[in-house]
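Have a look at the structure below, then the notes.
The values are calculated or read from the model by the stated rules, or taken from the named source; none is laboratory data. Predicted, not measured: the structure shown is a model, and the values here were computed from it. Here the Cβ is made from the backbone with ideal geometry for all residues, glycine too, and neighbour counts use every protein chain on show.
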């Protein structure tokens, strides 16, 4: 951002071609050191994010799904350097966020914002709502009168009243607090918002309201969202593309319809089999894929494919060789040595291999 630009101008990027990614993540790694002993020497590391590469396009919602502890939230925080990545790059336009100076990073954050999972913990309990929403504008030098007017507009846009600005976070419900968090993320008119499980702590009816609000705001402001969640039904409703994470790695990326209708990775099929079906008859008769064992420790992940210790169709190559994230057609990428073919199920593959099925029926 040059001296002539304000947080409400077009920002760091020139006009972006619709076919070019807005955010390029390349080989991103985040490891947390494990220390022990009197001198706190490092004896290992928790490998939370391991070589993630993704693209986020203009006006796109990219869903990130996976089990708890797979590294989704750490990935989102690393993109904005809320936690410092160990290595890799995050390109916003032509600029690498990971190497930006502190001053430049502050400027870039007018274009890159985040909505956190816990709507109470992310708000300062000592500040009234008007100051919480207005703080980003104060930091970026927006005149007080303009900031005050903008706060009122944002409160109305997220379904609150301007007079609510005088209240404190504890005076709001969970859904209202999350609306405040969304309003704060919009204060500087960003281009990208990282949504870290924004509705997981809310009631189902409130979830729908917040999701509809996010959809409207995205269209109005031409935003790009990275939507982190563990609820696959919500992700299917909100996302254009979906990336599946397992133990710090991306195992599958595809258009949402392709991924939900023809998952190619055994882990993705097992996740989708756990999604409830609204029809009671179908729910009783459908088959569930039950993975064996626990998720390995990210401090000591398995060699080769990290999923091999729980994969029902594992083969010798999976235990030794790390699979690359390869395109199997029409932008559908999968990190598996033996991906399932279109329409193929794990049950069919297990029958071919003559193995005991890790599959149960509710009928």
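Miscellaneous remarks
- Test: residue in the stretch 288-295 that is in contact with a strand residue (DSSP E or B) (Cβ under 7 Å, 6 or more places away or on another chain), closer than 22 Å to residue 341 by Cβ and either surrounded by fewer than 13 Cβ atoms within 10 Å (Cβ to Cβ) or touching a residue at least 24 places away in the same chain (Cβ under 8 Å) (or both): yes
- Search result, residues across the stretch 168-191 that are part of a helix (DSSP H, G or I), closer than 21 Å to residue 112 by Cβ and in contact with a helix residue (DSSP H, G or I) (Cβ under 8 Å, 6 or more places away or on another chain): 178, 179, 180, 182, 183, 184
- Only one of 53, 87 that is under 17 Å from residue 226 (Cα atoms) and touching a residue at least 12 places away in the same chain (Cβ under 8 Å): 53
- Out of 88, 37, 93, 63, sole residue that is more than 30 Å from residue 273 (Cβ to Cβ) and in contact with a helix residue (DSSP H, G or I) (Cβ under 8 Å, 6 or more places away or on another chain): 88
- Set 313, 253: member being at negative phi, touching a residue at least 40 places away in the same chain (Cβ under 8 Å) and in contact with a strand residue (DSSP E or B) (Cβ under 6 Å, 6 or more places away or on another chain): 253
- Residue check, residue 215 over 18 Å from residue 197 (Cβ atoms) and either in a helix (DSSP H, G or I) or more than 13 Å from the chain's Cα centre (by Cα) (or both): no
- Qualifying residue in the stretch 232-254 (condition: modelled with pLDDT of 95 or more and more than 19 Å from residue 76 (Cβ to Cβ)): yes
- Residue count, the stretch 242-259 (criterion: crowded, with 20+ Cβ neighbours inside 10 Å and either within 12 Å of the chain's Cα centre (by Cα) or over 25 Å from residue 322 (Cα atoms) (or both)): 5
- Residue within the stretch 58-66 that is modelled with pLDDT of 95 or more and more than 24 Å from residue 221 (Cα to Cα) present: yes
- For the stretch 64-100, the set of residues classified as over 12 Å from the mean Cα position of the chain (by Cα) and not in a loop (DSSP other than H, G, I, E, B) consists of 87, 88, 89, 90, 91, 92, 95, 96, 97, 98, 99, listed by residue number.
- Failed criterion for residue 107 (all others in (1) over 24 Å from residue 218 (Cβ atoms); (2) surrounded by fewer than 21 Cβ atoms within 10 Å (Cβ to Cβ); (3) over 20 Å from the mean Cα position of the chain (by Cα) hold): (1)
- Given (1) surrounded by 17 or more Cβ atoms within 10 Å (Cβ to Cβ); (2) at pLDDT 95 or above, index of the condition residue 175 fails: (2)
- Test: residue in the stretch 192-209 that is more than 23 Å from residue 134 (Cα to Cα), touching a residue at least 40 places away in the same chain (Cβ under 8 Å) and assigned to a helix (DSSP H, G or I): yes
- Some residue of the stretch 324-337 being over 25 Å from residue 356 (Cα atoms), at pLDDT 90 or above, touching a helix residue (DSSP H, G or I) at 6+ places or on another chain (Cβ under 8 Å) and in a loop (DSSP other than H, G, I, E, B): yes
- Failed item in (1) more than 19 Å from residue 341 (Cα to Cα); (2) part of a helix (DSSP H, G or I); (3) under 22 Å from the mean Cα position of the chain (by Cα), with residue 283 passing the rest: (3)
- Here residue 312 fulfils each of the conditions (1) under 22 Å from the mean Cα position of the chain (by Cα); (2) buried (at least 18 other Cβ atoms within 10 Å of the Cβ) apart from (1).
- Extreme residue, surrounded by the fewest Cβ atoms within 10 Å (Cβ to Cβ), among residues of the stretch 260-276 that are assigned to a loop (DSSP other than H, G, I, E, B) and touching a strand residue (DSSP E or B) at 6+ places or on another chain (Cβ under 9 Å): 274
- Check on residue 53, out of contact with any helix residue (DSSP H, G or I) (no Cβ under 8 Å at 6 or more places or on another chain), assigned to a strand (DSSP E or B) and surrounded by fewer than 23 Cβ atoms within 10 Å (Cβ to Cβ): yes
- All positions within the stretch 110-167 that are surrounded by fewer than 18 Cβ atoms within 10 Å (Cβ to Cβ), in contact (Cβ under 8 Å) with a residue 60 or more places away in the chain and in a loop (DSSP other than H, G, I, E, B): 118, 141
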